[in-house]
Amino acid sequence: MNSHNPNLRSKSLDRTARSSAIRFAGLAGLGLSLLLCSFPAVAQSRQTPSAPEVTSPLPDAPTATAPVEQQPDQHLPGNINGTIVDPSGAAVAGAHVILTRDDKFPKQEVLSGDDGQFAFAGIAPGPFQLTVTSELFTTQKVSAILNPGENLILPQIVFGLATEATQVEVNVPLVEVAAEELKVEEKQRIFGVIPNFYVSYVPNAAPLASKQKFQLAWRTTMDPVNFAITGAIAGVQQATNTFSGYGQGAQGYGKRYGASYADLVTGTFIGSAILPSILKQDPRYFYKGTGSSRSRVLYAIANSVICKGDNGHWQPNYSGILGSLASGGISNLYYPAQNRDGATLTVENTLIGIGETAATNLLQEFVIRKLTPNLSRQQQTNTP
């Protein structure tokens, strides 16, 4: 009966619908809860997985480690290069470069090229020192360390000018030195007039060559002053009637003049040129000028029988003594027959000539130098 009541039927449907709605809402809430609970897991599953730590020592499971820098060979040789310049910056060619190490390594040497550059190749690593030398510049030293396999380029090595005078030895041929000294000797004149050519005021004068010995003999015999002196000697002989076989007058004077000049020529050329060239002896008197008066007197007298050889050593004066004998022997060809006394007179004249030479040397040592003006600076330096 109640089923036919429409109000009751609508209430029953309403409760049924409400019940269904509640169940649906509950199911929906449960599903939403499940969805929210599963979201962190899904989000976490979407993150990039971190690389797992590899701990396996097996060959097919290599360990991921940081790369290690390869160390160079500690004994790998290297090269050393550099450039040498002067104070103006110009390249110095031919500079001597010496590389030195410790005692285990021998030194090495090179010369800089035209561009001033030098190089040492294949040098073992380690500390080293360079010593750079060149004429007119001060020595430079550079110290550095060469690393293994390094191509070391050094800073420019700049030379400094030498502050001290550099002594350069120039070997001039002795013949040229003697020629210059001979020019000075040929200007030596007593009172500025009388020839004094056969005296050297330079104790260590260069020896004369054979050509120069003949040159000096020619210069002496052809000197105008000697012609005048010869004429004076002939005049004295004529006045004292020496060599009476020549007679008097112009003819006698001419013969005496010719004989006196012949004595000068033969004595000078034989005793001061020919024999000194053969025997290699110096015909000059070497002025001493130092020491005590006694030592100088003995030196002057001794030089009448000794002379200096071309080798600089003192030796018997064979040239002077034999030259006097030869000249005396030749004079027998032109002196008057009644005035020739043969070999005895020749020997006597030779001994007299030795005494005259000793007397002349004494004058040279103590007097004549003071009477010879215009000596060169070198001669004045070597004389008191």
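Coordinate-derived values only; no laboratory data. What you see is a predicted model, and the numbers here were worked out from it, not measured in a lab. Glycine gets a Cβ as well: all are built from the backbone with ideal geometry, and neighbour counts include every protein chain shown.
Side notes on the structure shown:
- Residues with amide H under 5 Å from that of Gln281, placed H, sequence gap 5 or more: Asp310
- Taking the convex hull of Cα positions in segment 78-158, its mean projected area over all directions (nm²): 4.9 nm²
- Phi angles across segment 129-137 convert, under the Karplus curve 6.51 cos²θ - 1.76 cosθ + 1.60 with θ = phi - 60°, into 3J(HN,Hα) values of 9, 10, 10, 10, 10, 6, 4, 6, 10 Hz, Gly and Pro given as x.
- When you work out D = kT/(6 pi eta Rh) for segment 174-381 at 20 °C and 1.002 mPa s, using the Kirkwood radius from C-alpha pairs as Rh and the Stokes-Einstein form, the result is 119 µm²/s.
- Residue-count net charge about Thr372 - beta-carbon cut-off 11 Å; Lys, Arg +1, Asp, Glu -1: +3
- Here the dipole of segment 78-158 is about 240 debye; that uses its Cα centre as origin and unit charges on the Cβ of Lys and Arg (positive) and Asp and Glu (negative).
- Over 31 Å apart at the Cα level, from the set Lys187/Lys280; Lys255/Lys288; Lys183/Lys255; Lys213/Lys255, are Lys255/Lys288; Lys183/Lys255.
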